[in-house]
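Have a look at the structure below, then the notes.
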Amino acid sequence: MSRDRRYQNVEDFRRAAWRRLPKIFADYIEGGAFSETTLARNRMGFDRYALSQRVLQDLAPQPDLSTTYLGRRWSLPFFPGPVGFLGLYRRDGDLLVGLSAKAAGVPFGLSTFSIKGIASLAPQLGENLAFQLYLDRDPAVNESYLAACHAAGVETIFLTVDTAITSVRERDNRNGFRAVKHITPGLAWQFAKRPRWSLDLLRNGFPGWNWSRGGPNSGAARWPRPRPCRHGSTST
């Protein structure tokens, strides 16, 4: 079956991701905080949006979906938001999503907890690259993020302000997502049950963070732990 026939909607992509990814990563992408009540309500909120049908309208030229935000005109009124660790779910995932966004004529929001750094993505994404900043308790780390954005010509920075208290992501806690220091038997079993993902890992090695100073894992291949900021905010 061709991809065009196999993937008809977002739910088809979600099921495909669960078939490909180890549970620890699939849960991180899909999960929310605590009982995930807010997550469910957000989804219900989006489901309430409806398209107003208009009939007997001239379809030439094609409808223009472009609009202005972030200081310029973009092809669509939405764009890929920041998702942490994209390069773990698919090798070069940060770059691939960014290039897709660029091809569609929209920005790409790079997560603080990305695998690839700003300097490596900026030459290929140009003005389409935006950055999401989690404040660290160390001002020097925050300054290094901003310096990297400035050096790469990044014009848009999204400041995350909804983490004054670190949320409890129950799925991640069960999976030990932020406590992984080595491959445990349970994690190895998850990997074994997802051979396509695991074969890429065996052939090409574990994706390495290529951030310079200020990156979430400078010099270490491990998941970051929450680091409370001096002003009560927390990066998660």
Specify whether the C-alpha gyration tensor of segment 20-127 places it in the rounded, prolate or oblate class, a ≥ b ≥ c being the square roots of the eigenvalues: rounded for a/c under 1.5, otherwise prolate if a/b is larger than b/c and oblate if not.
-> oblate
Highest-MSF residue in the chain out of Leu121, Leu65, Leu187 [GNM, Cα springs under 10 Å] | Leu65
Pull up the cross-link candidates among the lysines for Lys181, meaning alpha carbon to alpha carbon under 21 Å and not fewer than 8 places away within one chain.
-> Lys23, Lys116, Lys193
Note the listed values (i) 20.9; (ii) 18.8; (iii) 19.9, then indicate which one is Kirkwood radius over Cα pairs in Å calculated from this particular structure.
-> (iii)
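Percent of accessible area on the chain owned by carbon and sulfur, 1.4 Å probe?
56
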Max mean-square fluctuation residue, GNM over the chain, Cα-Cα springs under 10 Å, options Gly153, Gly45, Gly87 | Gly45
Given the options Ala40, Ala60, Ala119, which has the most mean-square fluctuation in a GNM of the chain, springs set between C-alpha atoms less than 10 angstrom apart?
-> Ala60
Describe numerically, in nm with one decimal, the distance between label points set 7 Å from Cα along Cα→Cβ at Asp12 and at Glu155.
-> 3.6
When the helices in the chain are scored as -39500 (n - 2.57) per DSSP H run of 4 or longer and the sum is shared across all residues, what 222 nm value do you end up with, to the nearest 500 deg cm²/dmol?
-> -11500 deg cm²/dmol
Taking only protein heavy atoms and a 1.4 Å probe, what accessible area per residue, in Å², does segment 58-179 have with all protein chains in place?
-> 52
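The values are calculated or read from the model by the stated rules, or taken from the named source; none is laboratory data. Just so it is clear, the model here is predicted, and its values are computed rather than measured. Neighbour counts are summed over all protein chains in view; Cβ atoms, including those assigned to glycine, are modelled from backbone coordinates with ideal geometry. Please note that ligands, DNA and RNA were not included when accessible areas were found on the heavy atoms of the full protein model with its side chains. Shrake-Rupley method; radii C 1.70, N 1.55, O 1.52, S 1.80 Å.
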